[in-house]
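**Student:** To start, I am sharing the structure in question, which I have written as structure tokens.
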Amino acid sequence: MALRSLNLPGIGTKYEFETDKGDTVAIFFTKTGTIQMYTLQKGCKTPSAAEMTPVEARRLGNILTGAIIDADQESVEIAFSALADLRVTIHTFYIPKTVAGKTIEDLQIRAKTGATVIAVCRQDKNIINPAPSFVFEDGDAALVIGESDQIKKFEREIMVE
Amino acid sequence: MEGLIIALFVCMVLALISKYLSIPAIPFYILAGIVLGKAGLGIVHSDEISQFFSEIGLLFLLFFMGLELKLDRMIADPSKLLTAGLIGLIVDMGIGFTAAYLLGFPLKEAFIIGTAFYITSTAIVITSLIENRKLMMKEAELIIWMEVFEDLVLIIIIALLSSGDKDLLFFFLKIVLALGVMYAIAHYGKEFLISILDRDDETPILFTFAAVLTTAALAIVLGIPDTMMVIALGAALATTDPDAFEQHARPFKDVFLVMFFVFFGVTIDFASGVDLYTIAILCILAVLSKLISGMLIGLTIFGSALSGLEIWSNTISRGEFSIALAVLYGSPVVGTVIAALVIVTTLVGAFMSKYSTWLRRGIVSHSRRKALMHRPHTGR
């Protein structure tokens, strides 16, 4: 797989790579702010294209990294191959009614699951690194970080409580 | 003043319509100008204010062109680009110049028409490549670099046309000196310029506007073409933070360039003594010359006539730079010819770039069918 990138005057940046099987994928970050992705099957003449907004492109990127995506919950797994293949998963959870009104301390999240809540999104406002006394509200979206086992534990033990 | 506001309002409506239909807006602005102006209803007249606005539009168009000229970013295969660029230059300019000369235009006017034949509209070509999702085609990259090549040729032509009958050596010495000063300011004042651009108050946008207009004014005082100096200013400032300059100059370009197109249309006068016959011939030739040059480029670079067809259908549109030449150096007759040229080629170009894939597919399947029918019956 050879990736090449180049700047095209007036257009933006182009990334292109050929897969081992001979298919080609090209991505263009255009100056208009949209992202176009072209795929060209080996032996085929005309590529097919899709145009995406930056948000849609990021979503596609998450899917391609192999993370599980539910309808509105996203997760990303990052692998640091230089650090003995350290894998960290970040997952978003929508806080259910059963959890609303409780603090992080009450729920004993760290002790029970090993995962950590690193951010909470409340009505378009982000709270980074919430304190143990932080009280969840209905409709909050929590960003949880941990190993994939810890995330699964979080989903089983905290979210259904 | 009322005329200006009427023109602005009409343009706003036209911009919405053209975006909705996703076809280039430039021909509509010119047509609106023709309808509202001298040749049509006569509601809008060109006055001092509108002339000033048009001039600002032109200056910002050229400033933008300069910003895009990042010569340090070179193409992977310059010889290919040079071949394609020269074919385009010789074929298109040759056809345009010869036809105009044979139709009775004086030498200089024929030269301007020839240049207008050659220079395509970067804005329309780039937008149509993006909107019609053709960026991945192998021809697209070449087309994009050919636009840069055309810009470079245009700079040389502007220098030639504006040197006129002045003392050439002194003239070019002044230009080189001004260029040196501008690059020195961009080089030694880089930190300062970037610190201005980083502010979030009115200073960056005020600075950008003032820099362009001051450069133009200084150029006129020094007796060198302001158009060239503004392109050079863009190129010099591109070594600092081109994206920030583009962002701050864009509103001025967007508004004043529309004014420029409309008032170009307003000043068109069909009574200037050019017959429809001449205009029609030149318009048809303008479409055909790009077909010939496109085919030649396709055959020499990609070895395929289909590639040539693709290059043709994406480079038919002439636009802002052809009009700029008409406004700067053309007589009213040349202006009328170029207005028609731009309107016809942009509309044909918009259609062709949208449907070229179909055309290509149609030709391929047709020739395949033909090949199947003509296949000799072998292996019995």
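**Student:** Per-residue ellipticity at 222 nm for chain A, helices alone: DSSP H runs ≥ 4 residues times -39500 (n - 2.57), over residue total, nearest 500 deg cm²/dmol?
**Tutor:** -5000 deg cm²/dmol
**Student:** Where Lys and Arg each count +1 and Asp and Glu each count -1, what net charge lies around B:Thr315 among other residues with Cβ under 11 Å from its Cβ? Don't jump to the answer; show the numbers that get you there.
**Tutor:** Values: positive: B:Lys290, B:Arg318; negative: B:Asp92, B:Glu139, B:Glu147, B:Glu150, B:Glu310.
Once all neighbours under 11 Å are counted, the net charge is -3.
**Student:** Another question, if that's okay. If you take the beta carbon distance between B:Ala271 and B:Ser304 as r and set R0 to 35 Å, what does 1/(1 + (r/R0)^6) give as a FRET efficiency, to the nearest 0.05?
**Tutor:** Efficiency computed from Cβ-Cβ geometry: 0.15.
**Student:** Could you list which residues have their amide H under 5 Å from that of A:Phe134, counting only those 5 or more apart in sequence or on another chain, with H placed in the peptide plane?
**Tutor:** The answer is A:Ile104, A:Glu105.
**Student:** Further question: Could you tell me the number of lysine pairs in chain B with C-alpha atoms less than 15 Å from each other, where the two lysines are 8 or more residues apart or belong to different chains?
**Tutor:** 4
**Student:** Given a 1.4 Å probe, show me the residues in segment B:131-170 buried by at least 50 Å² of accessible surface when comparing the whole protein assembly to the chain alone.
**Tutor:** With the partner chains in place, segment B:131-170 has these residues losing at least 50 Å²: B:Arg133, B:Leu135, B:Met136, B:Glu141, B:Ile144.
**Student:** Sticking with this one: Compute the acute angle (0 to 90°) between the alpha-carbon long axis of helix B:48-68 and the principal axis of greatest extent of the alpha-carbon atoms of chain B; round to the nearest 10°.
**Tutor:** For B:48-68 against chain B, the angle is about 60 degrees.
**Student:** Can you give the average number of partner chain beta-carbon atoms within 10 Å of each beta-carbon in peptide A:11-24, as a whole number?
**Tutor:** Numbers: counts 8, 2, 0, 5, 0, 1, 0, 0, 0, 0, 0, 0, 0, 1.
Mean shielding by partner chains, rounded to a whole number: 1.
**Student:** Could you grab the relative contact order for chain B? Cα pairs under 8 Å, six or more apart, rounded to a whole percent. Don't skip to the end; give the middle numbers.
**Tutor:** On the way: 497 pairs, mean separation 118.2, N = 380.
Relative contact order comes out at 31 percent.
**Student:** Averaged over its residues, how many other protein chain Cβ atoms are within 10 Å of peptide B:211-221's Cβ atoms?
**Tutor:** 0
**Student:** Around B:Ala216, with a cut-off of 9 angstrom between Cβ atoms, what is the net charge of the other residues, counting Lys and Arg +1 and Asp and Glu -1?
**Tutor:** Result for the local shell: -2.
**Student:** Mind pulling the angle between the C-alpha long axis of helix A:54-64 and the longest principal axis of chain A? Nearest 10 degrees, somewhere in 0 to 90.
**Tutor:** 80
**Student:** Cα to Cα, under 20 Å, and not fewer than 8 places away if on the same chain: which lysines meet these conditions relative to A:Lys102?
**Tutor:** List returned: A:Lys112, A:Lys125, A:Lys153.
**Student:** May I pose another question? Which residue fluctuates most in the GNM of chain B (Cα springs below 10 Å): B:Val333, B:Val181, B:Val148?
**Tutor:** Sorting by GNM fluctuation, first place goes to B:Val181.
**Student:** Checking an interface number: how much accessible area is buried between B and A, summed over both chains, with a 1.4 Å probe, in Å² rounded to 100?
**Tutor:** The summed interface area works out to 1700 Å².
**Student:** Label-point separation (nm) for A:Asn126 and B:Ile43, each offset 7 Å from Cα along Cα-to-Cβ?
**Tutor:** The modelled label-to-label distance comes out at 5.0 nm.
**Student:** In nm, to one decimal, how far is the A:Val88 label point from the A:Glu137 one, both placed 7 Å along Cα→Cβ?
**Tutor:** 2.9
**Student:** Quick check for you: with a 1.4 Å probe and neighbouring chains kept, what is the accessible area per residue of segment A:75-157, in Å²? It would help to have the intermediate numbers written out before the result.
**Tutor:** On the way: 4970 Å² over 83 residues.
Ligands and nucleic acids excluded, the result is 60 Å² per residue.
**Student:** Just the accessible area per residue of segment A:2-53, please: how many Å² with a 1.4 Å probe?
**Tutor:** Solvent-accessible surface per residue comes out at 56 Å².
**Student:** For B:Val334, what charge total do you get from the other residues with a beta carbon under 13 Å from its beta carbon, if Lys and Arg give +1 and Asp and Glu give -1?
**Tutor:** Net charge in that neighbourhood comes out at -1.
**Student:** Using only atoms on other chains, find how many Cβ atoms lie within 10 Å of each Cβ of peptide A:27-38 and report the average.
**Tutor:** That average works out to 3.
**Student:** Can you show me the helix-derived [θ] at 222 nm for chain B, built from DSSP H runs with n ≥ 4 at -39,500 (n - 2.57) apiece and divided by the number of residues, rounded to the nearest 500.
**Tutor:** Counting only the DSSP helices, I get -26500 deg cm²/dmol.
**Student:** Would you mind working out the accessible area per residue for segment B:2-364, using a 1.4 Å probe, and quoting it in Å²? Don't jump to the answer; show the numbers that get you there.
**Tutor:** Details: 15810 Å² over 363 residues.
It amounts to 44 Å² per residue over segment B:2-364.
**Student:** Could I ask something else about it? To the nearest 10 degrees, how steep is helix B:332-373 against the longest Cα principal axis of chain B, on a 0 to 90 scale?
**Tutor:** It is inclined by approximately 30 degrees.
**Student:** Can you send over the carbon and sulfur percentage of the accessible area for the protein assembly as shown, probe radius 1.4 Å, protein chains only?
**Tutor:** Values: 17860 of 27610 Å².
Here it works out to 65 percent.
**Student:** Here's a follow-up. Hey, rough spin-label estimate for B:Lys190 and A:Glu56, points 7 angstrom out along Cα→Cβ, what's it come to in nanometres?
**Tutor:** Between B:Lys190 and A:Glu56, the simple spin-label model gives 3.9 nm.
The values are calculated or read from the model by the stated rules, or taken from the named source; none is laboratory data. As the structure is a computational prediction, the values presented were derived from the model and not from experiment. Positions of Cβ are backbone-derived with ideal geometry, glycine not excepted, and every protein chain shown enters the neighbour counts. Surface areas here come from the heavy atoms of the whole protein model, side chains and all, with no ligands, DNA or RNA. Shrake-Rupley method; radii C 1.70, N 1.55, O 1.52, S 1.80 Å.
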